[in-house]
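Comments concern the structure below.
The values are calculated or read from the model by the stated rules, or taken from the named source; none is laboratory data. From a predicted model like this one, the values you see are computed outputs, not experimental measurements. We place every Cβ from the backbone using ideal geometry, glycine too, and count neighbours over all the protein chains shown.
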């Protein structure tokens, strides 16, 4: 279960400064859009990811609910 948390946190690192590699790629593709606008556009997704991490930390069994439901 620790691996799931780590992966989500790595995803967060790819959309936030100073690393923000995904945002730099988007900025390179959309040359006419300032990088600050790109980072502002990513913030709702960042907030959703933070909420997801908090939910998983508060209710770790939630990560296993759907797989258990599928398995039967």
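The single condition among (1) assigned to a helix (DSSP H, G or I); (2) loosely packed, with under 10 Cβ neighbours inside 10 Å; (3) modelled with pLDDT of 85 or more that residue 50 does not satisfy is (2). Of all residues in segment 53-67, those satisfying the criterion of being surrounded by 10 or more Cβ atoms within 10 Å (Cβ to Cβ) and either more than 21 Å from residue 7 (Cβ to Cβ) or more than 15 Å from the chain's Cα centre (by Cα) (or both) are 59, 60, 62, 63, 64, 65.
Answer yes or no as to whether residue 63 is in contact (Cβ under 8 Å) with a residue 60 or more places away in the chain and outside any loop (DSSP other than H, G, I, E, B). Taking the combined requirement at face value, the residue satisfies it. When residues in segment 31-47 are screened for being closer than 18 Å to residue 17 by Cα and outside any helix (DSSP H, G or I), 2 of them pass. Checked against (1) surrounded by 13 or more Cβ atoms within 10 Å (Cβ to Cβ); (2) on the phi < 0 side of the Ramachandran plot, residue 20 meets all criteria but (2).
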